[in-house]
Structures are given as structure tokens and as C-alpha cells.
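The values are calculated or read from the model by the stated rules, or taken from the named source; none is laboratory data. In this text the structure is predicted, and so the values were computed from the model without any measurement. Glycine gets a Cβ as well: all are built from the backbone with ideal geometry, and neighbour counts include every protein chain shown. These area figures cover heavy atoms from the full protein model, side chains too; ligands, DNA and RNA do not enter into them. Shrake-Rupley method; radii C 1.70, N 1.55, O 1.52, S 1.80 Å.
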Amino acid sequence: MKTIAASLAISAFAAAGAEAQQNPRVAPPAVYDVAPGLGHFTDDVLFGEFWKRGDLTPRDRSLVTISVLISTGKGHVLANHVKRALENGVEPREVGEVVTHLAFYSGWPNAISAVTETKKAFDELKIAPVADSGDPRIQFDAATEAARSASVDAEVAPTAPALADLTNRALFGDLWQRPDLSARDRSLVTVAALVAMGQSDQLTFHLTRAMDNGLSREEAAEAVTHVGFYAGWPRAISAVPVLKTVFASREASASSNPAEADIKVVKRGSQPVSGPAERFTGEVQISAAYKGDGAARIGGATVAFEPGAHTAWHSHPLGQTLFVVSGRGWVQKEGGTVQVMEPGDVVWIPPMVKHWHGASADEAMVHFAVSEALDGNSVTWMEKVATEDYRQGREAE
């Protein structure tokens, strides 16, 4: 299998310079002997059509390809794709920096293996040892970096302080600032690797960063499509929802004009409505409801519960925050104990956690509730809370 794959890469590189041929055969004879359909898709679709598309330059396609091969450990075909990358305009120091960058994103073993295969290509082409660039280090927007660093300190440092320190100091404070790859190319490499490895949780941040660094919407979509050929269609398809979300968010932001936007003050007690019986038990009044405009997903309302009143079981796709204004309340997640809420308390309910909340049995409670919508939905309502479950609040008092 590795012999066939290596032959395929060698043939692909050799065919790159054969511009006089209208439809050069890239797949080696062994492919047609074993899997003629694969030969067809290799010659007619991958190299005969897709590599010729103009949505990414050949240089960008080579950056995406070697990023996928390194991050997924396909070193046995890397050397010849490195040659193709050099032919397409990628500099030797940029190839080395891709390897360095992906040590952080796909692991040191993958990077060291890539060094071995890349050295074969360099030696064959008599490329001299690579030195670090002497260009000035890349500087990113100070406010954006401060927000990113603060997020790492808040979300990572309490649990893994060393990881947080290295993330801020080595990864973003050193690696991302190295001038051996442009910020745009470094983002392209990162996005390609994350898609190839199926790391969709990290993709939203890095795709947004990539577009901030100059990657266009068309280039981003084409890069994900390119990954499909080298890491598999499921990886590429799984990235599409992230593309859709990031594109929509940026379009909404671009269409909004801060100079025309108005601050909204929603008055206390405005637009009061009774809590619907299918979602609440007891007397509940909802007022001062609001929802963000444009790309904003946040919304909330003030909810007043009479003694003994409470919500039905429900969950939120992106979680919910409660701020207790007055009175005494109870909150419980499924399978957990009832917890008491008092004025000034802030309650965080994580995404998709089934829970209920409301007033205690003997005292009313008012809270302000805030949540974010995912694909237009901020809450999923479920069955009502059984009387015996609600009465567990007595034990928490």
C-alpha cells in the first residue's frame, strides 16, 4: 500500500511539469490494475479537474496538502508532495515552518516524522540547511490578543495552569509571531490540519482568525473541500456547519453599522406576560424580555415566581446564566440535589444540562435569566417537574 501511495505521489510530481499533455496520467499502472475506478478519479477528478480550480492557488493547495499529510501522519507520501510544494512556490523555510507549526497542533511525533521525509526531498534537490528568517516578528491586534489571553486564563488556567501558560507564552506569544510564515498562511495551515484531524471544537476560533488574517470565504471553503480528498469526505463534511456559522456571523457583522445602532433600555416590568402553563407550575410573570440584534445570539428576561412556582425541566444549547434579584429560589439538575439561590447569587447552568429552577416553597423569587441561541434556538422544554422532585428543596433549606 505504501509503495503504491509513494508511486502515486512521485507520478503526481512528475506530471506537474508536463504541461504539454492535455490529460496526463498521474495514477501509476498498479492503480489501474487493482482499482481502475480509483485511477479514473485520480486522473480525471483530483488532478485533471480539482487541482486546476482557481479558488486556491497551486501554492495554497500545496500548503493544505502537506498540512493534511503531516497532521494525519501520512509521512510515506510527504517527500514528493514537498517537492510539488517547492515547484508551486512554497519556500524551503516555509515548508520547515509548517512542520514546526504542526508540532503544536498534531504532536511532536508527527512533526519529527515529517522532518525525516522532508529532508529526503531537500537532499535530493540539494537544498541548503534552512535558517530562521531575519524579518520582524508578526504583531497581532493588541486588544484581540488580550481578550484571547484572558479567555485562556479564565477557562484553562484554573484546571491546567501549565497548559495555559504555554498556550499564551509559547504557542501564541512565540510560534504565531514567527515571520517564517505569514499570518494568513499560518492560519490556512492550522485550519487544514484541524479539519483533517476532525477537531471541529477548535475550528470556529481558528477559521475566524484565518479570515481576520486575510483568508477569503471562497478560499476557506475550497481549502475544506481540498482536505476532503486527502483526509476523507467525512472530515470535510463535518467542517461545513462551522463554515456556515462563521460565514453567517461575519456577514451579519459586516452588514451592521455601529454608527446607526442604538442602545436599548428595556424598562423594568415592561411587556409582562404570564408564564405558559405547559412550561411553568404556579404563578409566574415574565417581563422586560429582550433579544440581541443582528449577529448577537444573546437574549433574556426578568422572571418573577410566586412561592412554590417553578419551571418545567428544560435545557439550553449554549447554557444559561441566572442572576437572583430578590427572594429565595431553588435550582436542580437532573440527578442532582436541589441548591438554594439568594439575592446577588449568579447561577451558571452548563450547555445541554437538564434542569429546573424557581421560587422556594414559602418565599417568592425574582431572577434575571440570560442565554444564547444556537441555530435560532435557546431552550428545549421538557416534562413538568414531579411534586416529589420539587419537595426535595425542603431538604436543602
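Listed here are the residues, each with its yes/no results for (1) in a loop (DSSP other than H, G, I, E, B); (2) β-branched (V, I, T); (3) at pLDDT 80 or above.
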residue	(1), (2), (3)
G228	no, no, yes
P234	no, no, yes
P241	no, no, yes
E251	no, no, yes
A254	no, no, no
P258	yes, no, no
K267	yes, no, yes
S270	yes, no, yes
I286	no, yes, yes
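So that you can scan it fast, the table gives a plain yes or no per residue for (1) among the aliphatic types (A, V, I, L, M); (2) open to solvent by 20 Å² or more (accessible area, probe 1.4 Å); (3) farther than 28 Å from L215 by Cα:
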position	(1), (2), (3)
P28	no, no, yes
G37	no, yes, yes
V45	yes, yes, no
R53	no, yes, no
L56	yes, no, no
S62	no, no, no
S67	no, no, no
T72	no, yes, no
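Test G335 against the criterion of being within 19 Å of R394 (Cβ to Cβ), under 36 Å from the mean Cα position of the chain (by Cα), open to solvent by less than 20 Å² (accessible area, probe 1.4 Å) and among the small types (G, A, S), and give yes or no.
Values: within 19 Å of R394 (Cβ to Cβ): yes; under 36 Å from the mean Cα position of the chain (by Cα): yes; open to solvent by less than 20 Å² (accessible area, probe 1.4 Å): no; among the small types (G, A, S): yes.
So G335 does not fit the description; no.
Take the conditions modelled with pLDDT of 95 or more and assigned to a loop (DSSP other than H, G, I, E, B) and apply them to L56. Does it pass? Against the criterion (modelled with pLDDT of 95 or more and assigned to a loop (DSSP other than H, G, I, E, B)), L56 qualifies. Considering the range 188-205 alone, what residues qualify as being open to solvent by less than 30 Å² (accessible area, probe 1.4 Å) and among the hydrophobic types (A, V, I, L, M, F, W, C)? Once the filter is applied, which keeps residues that are open to solvent by less than 30 Å² (accessible area, probe 1.4 Å) and among the hydrophobic types (A, V, I, L, M, F, W, C), the range 188-205 yields L188, V189, V191, A192, A193, L194, V195, A196, L203. Considering every residue within the range 211-222, establish whether at least one is in contact (Cβ under 8 Å) with a residue 24 or more places away in the chain and under 17 Å from L46 (Cα atoms). Yes, there is a match, as at least one residue in the range 211-222 is in contact (Cβ under 8 Å) with a residue 24 or more places away in the chain and under 17 Å from L46 (Cα atoms).
Using the structure shown, decide if D262 is of a type in the set (D, E) and without any contact (Cβ under 8 Å) to a residue 12 or more places away in the chain. When the stated conditions are applied, D262 passes them. Restricting E395, E388, E383 to those that are free of Cβ contacts under 8 Å to residues at least 12 places away in the same chain and either open to solvent by 60 Å² or more (accessible area, probe 1.4 Å) or in a loop (DSSP other than H, G, I, E, B) (or both) reduces the list to E388.
Among the criteria (1) open to solvent by 70 Å² or more (accessible area, probe 1.4 Å); (2) farther than 28 Å from S71 by Cα, the one R217 does not fulfil is (2).
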